[in-house]
Amino acid sequence: MELYKTNQLKIYNSLSKTKEDFKPIVEGNVGMYVCGPTVYSNVHLGNVRTFMSFDLVFRYLKHLGYKVRYVRNITDAGHLENDADEGEDRIAKKARLEQIEPMEIVQRYTVDFHQTLQTINNLPPSIEPTATGHIVEQIEIIKDILEKGLAYEINGSVYFDVLKYNETEHYGILSGRNIEDSIHNTRELDGQSEKKNPQDFALWKKADERHIMRWPSPWGVGFPGWHLECTAMSTKYLGETFDIHGGGLDLKFPHHECEIAQSKVKNNVKPVNYWMHANMLILNGQKMAKSTGNYILPNEIFSGENTILSKAFTPSATRFFMLQAHYRSVLDFTGAGLEASERGFIKMMEAFNKLDSVATSQTSSLNISDWKQKCYDSLNDDFNSPILIANLFEAAKYVNLLVDKKETITQLDLNEFKTTIHSFVYDVLGLQNDLQSDSSEKIAGVVEMLIKMRNKARDNKNWALSDEIRDELASLGIQLKDGKDGTTFSVN
RNA sequence: GGCGUCGUGGCCGAGUGGCUAGGCUGGGCUCUGCAAAAGCUCCUACAGCGGUUCGAAUCCGCUCGAUGCCUCCA
């Protein structure tokens with residue numbers, strides 16, 4: 001039987017601002033859409049956190065036995081720099097600055113995006129559509145909205161009529177805004193006189209002569225607006241109403257609000273059942289962002305080449321650091337925090353690596369099924385990974401005590417214990433065991449030999465020699481640990 | 001200015017009416033030739049001020065502070 005039948009998952013829905021029981025539209029199947037990156041520069045750690053949060057969601061849903069279609073787009077048409085801009089988007093601008101084709105920019109940073117997410121061990125989505133690959137679909141949606149009178153055309157551009165929409169619907173339903181408030185509080189921007197109201201947003205923008213990325217349309221040559229691609233691609237691959245829509249908290253307004261409006265007009269149904277928003281990663285007390293220069297790149301962490309960290313950290317340690325905070329909490333990135341997480345992570349993995357050497361007994365001193373249920377309970381409660389990790393630390397301690405023969409476990413329980421740990425650590429949390437990878441069997445053999453020699457020296461009470469062996473190995477990063485049943489070692 | 005979120009022990013971070021996570025750091029102990037590792041243990045907190053309640057870190061109000069969105073953003 002599928003696990004989801006016995007595990008009622010609760011998801012915090014940004015739309016209702018409450019945790020709700022998760023019930024997919026079609027039993028056993030989940031459609032999930034997550035807003036992907038605009039590929040005009042390298043993804044920074046803040047971007048990675050969001051995608052890793054939804055990777056956890058994806059992995060856990062799959063673990064529960066759901067068949068998941070996970071769609072995450074690549075925004076390769078660029079967004080406008082701002083309203084006042086003469087139709088220049090970020091990708092086109094970068095292409096002009098670097099004197100290359102816009103699609104070279106797209107290619108370069110799409111590759112970087114994929115490599116980075118793979119390095120941190122995110123699973124690829126089921127479908128990864130691009131904005132430029134769905135121009136036709138976007139034009140069709142615009143036509144439909146125009147026909148329904150909720151959009152208007154001016155000088156080759158088409159805008160969504162937010163005020164008219166708000167007469168029958170609530171523009172601001174997701175972000176908790178009222179259109180009346182924003183009318184009085186919108187900052188004045190220059191050069192936007194073309195729109196009827198400042199709140200209106202573009203569905204199609206006319207391309208001027210300089211604009212490189214351009215497509216023909218019923219309204220002339222141009223390119224799609226900022227928010228349309230997600231509506232086009234999510235409904236195309238997941239249907240008019242689908243289960244989960246995710247994205248960074250900073251996309252809640254206006255991006256997701258606009259998506260709701262467009263989709264509601266087009267299909268006249270509620271587009272999404274569960275809205276999920278991942279919170280921001282902050283650095284130096286501020287949100288990480290490309291535009292402000294306040295960011296750190298994942299590769300800078302893995303290589304140690306940066307000014308904030310004292311050393312390099314593995315992708316798994318970095319992932320573990322982020323998983324120790326809940327996805328809806330702001331997480332503060334610091335070198336000290338990462339170091340503390342790494343220490344804990346190494347300890348935990350060292351304990352789990354000893355699982356194979358555990359001896360079994362007639363009874364178990366820990367109730368394995370209770371412990372296992374606590375693990376499930378933690379993730380069932382809106383993907384509470386910090387609680388899951390706390391439970392895993394409890395398991396690690398138990399393993400250490402088992403090795404010391406201070407606790408007991410039956411063979412049957414040990415099998416279930418191992419399977420559960422493996423599932424949660426590797427499959428669900430997506431962590432990797434990078435402790436053993438660089439200790440090849442040959443090195444292990446050499447170290448075992450040195451341990452034997454050292455034991456002889458110890459038997460002869462030749463402490464000088466035994467300590468020399470230990471200290472020399474330590475300086476090479478190999479640590480000896482004398483236990484009751486002999487000496488073991490670990491490679492740092 | 002508008003709409004939000006948050007303020008937890010030395011640090012990071014869960015919890016969100018009574019059962020008071022977890023990790024890192026520091027002190028003590030056990031084990032050990034010494035050390036390391038491991039285990040045990042100690043330092044026991046909820047910004048401030050009021051209120052509701054038998055009982056509040058958790059609910060309500062105010063104050064202070066931080067931060068997100070309101071312009072592209074994960």
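What the table below lists for this structure:
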| item | result |
| --- | --- |
| Lys/Arg +1, Asp/Glu -1 at C-beta; chain A dipole; positive extreme among A:276, A:145, A:447 | A:447 |
| Surface/4 of the Cα convex hull for chain A, nm² | 27.2 nm² |
| Overall form of the stretch A:296-428 per C-alpha gyration tensor (a/c, 1.5; a/b vs b/c) | prolate |
| Electrostatic dipole magnitude of the stretch A:208-333 [Cβ: Lys, Arg +1; Asp, Glu -1; Cα centre; debye, to 20] | 160 debye |
| Prolate/oblate/rounded label for the stretch A:348-492 (Cα gyration tensor, a/c 1.5) | prolate |
| MRE, 222 nm, helices only [DSSP H, n ≥ 4, -39500 (n - 2.57), over chain A, to nearest 500] | -13000 deg cm²/dmol |
| Those lysines that a straight Cα-Cα span of less than 29 Å connects to residue A:287, excepting residues fewer than 8 apart in one chain | A:10, A:17, A:19, A:93, A:94, A:252, A:311 |
| Cβ-defined net charge surrounding residue A:102, 9 Å radius [Lys, Arg +1; Asp, Glu -1] | -2 |
| Apportionment of accessible area to carbon and sulfur, chain A, percent (1.4 Å) | 49 percent |
| Mean projection area, nm², convex hull over Cα of the stretch A:92-161 | 7.3 nm² |
| Protection proxy ranking, peptides A:260-272, A:168-180, A:110-122, A:448-460, average beta carbon neighbours within 10 Å, highest first | A:260-272, A:110-122, A:168-180, A:448-460 |
| Non-local Lys pairs in the stretch A:317-455, i.e. 8 or more apart or on different chains, that have alpha carbons under 13 Å apart | 7 |
| The stretch A:441-491: Cα Rg divided by the 2.2 N^0.38 Å rule of thumb | 1.05 |
| Shape category assigned to the stretch A:257-364 from the gyration tensor of Cα positions, a/c cut at 1.5 | oblate |
| Net charge of Cβ neighbours under 12 Å - reference residue A:52; Lys, Arg +1; Asp, Glu -1 | +2 |
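The values are calculated or read from the model by the stated rules, or taken from the named source; none is laboratory data. Predicted, not measured: the structure shown is a model, and the values here were computed from it. For neighbour counting, all protein chains shown are included, and Cβ atoms are generated from backbone atoms with ideal geometry for every residue, glycine included. Heavy atoms of the whole protein, side chains included, go into the accessibility calculation; ligands, DNA and RNA do not. Shrake-Rupley method; radii C 1.70, N 1.55, O 1.52, S 1.80 Å.
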